[in-house]
Amino acid sequence: MLKTRLLLAATCLAFAASALAHSPEEDAVEYRQGLMTVIGWNFGPLGAMVKGKKAFDATAFALHADRIANLSDQVVEGFPKGSDKGAHTDAKAALWANFDDFSEKAKAFNTEAKALAEVAKTKDEAKSKAQFKKVAEACKACHEKYKND
């Protein structure tokens, strides 16, 4: 019984130590990288449908579009001041030097993503694909200027 308690206590301490090892800046980088991964995960099926690599499925398209729209609200939140230092980040220094421009580009992505979710609800394939291209362009505008490859 004592060995079990000691093992449990040691495990708890190990988890606590690992949680404390992260700085708020590193947490922000992990947050935004996770967010971008989930956005990309949902972009993939849409891009495949738009490019004709996968049959258009209006229900699946609407689901992924809705997820992207909801996630797009969180982009700027993942870039708090100071999260450009001390952690591995793909964000270019230009992002921090031009944060207002970055925020505007993120807002444009959010606007286009929300429009995509609305268009996708209509199940109109042509309009959905056209709006997806606008979202992709909004992503590209930010990534070209502010993301290291």
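In straight Cα distance, which lysines are under 26 Å from residue 92, not counting same-chain residues fewer than 8 positions off?
81, 105, 107, 133, 134, 140, 145, 147
From the phi angles alone, apply the Karplus equation (6.51, -1.76, 1.60; θ = phi - 60°) to region 77-83 and give each ³J(HN,Hα) in whole Hz, x where the residue is Gly or Pro.
Ordered by residue, 3J(HN,Hα) equals 4, x, 10, x, 3, x, 7 Hz.
If packing is taken as the mean number of other Cβ atoms within 10 Å per residue, what is the order of 137-143, 121-127, 107-113, 27-33, highest first? Mind showing how you got there, number by number?
Working: 137-143: 16.6, 121-127: 12.9, 107-113: 19.9, 27-33: 18.3.
Order by mean packing, descending: 107-113, 27-33, 137-143, 121-127.
Residue-wise, which Karplus ³J(HN,Hα) couplings in Hz belong to region 115-120, taking 6.51 cos²θ - 1.76 cosθ + 1.60, θ = phi - 60°, and x for glycine or proline?
5, 4, 4, 5, 5, 4
Suppose we keep just the alpha-carbon trace of region 24-146; what are its Rg and Dmax in angstrom?
So, for region 24-146, Rg and Dmax equal 15.0, 46 Å respectively.
All of the numbers you see were taken from the coordinates with simple rules; none came from a lab. Treat the numbers as computed from the prediction; the structure is a model and nothing was measured. Counting neighbours? That spans all protein chains shown, and the Cβs are built from the backbone with ideal geometry, glycine included.
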